[in-house]
Amino acid sequence: MSNKKTILSIILLFVVSNVLTTIWYMLTDEPNFVPYRRDEPNYGGLVLNHLVFVSGFVYLFPYFIKEQNTRLKAIVYGVVMAIIMFLPTGLVVRSIWKVDFNAIFALNTLAHCVIGGILGLILSVIYNYKRES
């Protein structure tokens, strides 16, 4: 992939990831509340999280999609990357801190998988893969 497409991909996925995740957590703020949550989130850490995630997402994409460059494969890639990013951290948080394994954990996991799939689809469009299925 060209440097221009790489930079465009990182910027676009960064924005989409931030927007979709922010919308999700604004809609589910109450069920995601824990008593020891910061009054004001550390936005620098959140921004860095998305930047690291989408940078790795863009970097690894060609290796995953190499043999089957389809839109569906790109969506699967996004879901896999979201699971790798979200699920282990969520399990650790719930295993060590006083945060329950509950329905919101399952919904957050599902939301991140959907967001990851959307990011994979966007990246496949930037790569200009035209084959379907």
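Things worth noting here:
- Applying a threshold of 7 Å to beta carbon distances and a minimum spacing of six or more residues, or different chains, the list of pairs starting in the range 20-40 at a residue that is over 20 Å from D100 (Cα atoms) and ending at one that is assigned to a helix (DSSP H, G or I) reads L20/I115; L20/I118; T21/I115.
- In the range 65-77, the residues that are under 17 Å from the mean Cα position of the chain (by Cα) and buried (at least 18 other Cβ atoms within 10 Å of the Cβ): K73, A74, I75, Y77
- Leading residue by the ranking (surrounded by the most Cβ atoms within 10 Å (Cβ to Cβ)) among those in the range 81-109 that are among the polar types (S, T, N, Q) and part of a helix (DSSP H, G or I): N108
- Only one of the listed residues (Y25, Y127) is surrounded by 11 or more Cβ atoms within 10 Å (Cβ to Cβ), closer than 18 Å to I7 by Cα and hydroxyl-bearing (S, T, Y). That residue is Y127.
- Checking V34 against (1) surrounded by fewer than 12 Cβ atoms within 10 Å (Cβ to Cβ); (2) at pLDDT 90 or above, the condition it does not meet: (2)
The values are calculated or read from the model by the stated rules, or taken from the named source; none is laboratory data. Computed from a prediction, not measured in an experiment: that's the story for all the values here. Glycine gets a Cβ as well: all are built from the backbone with ideal geometry, and neighbour counts include every protein chain shown.
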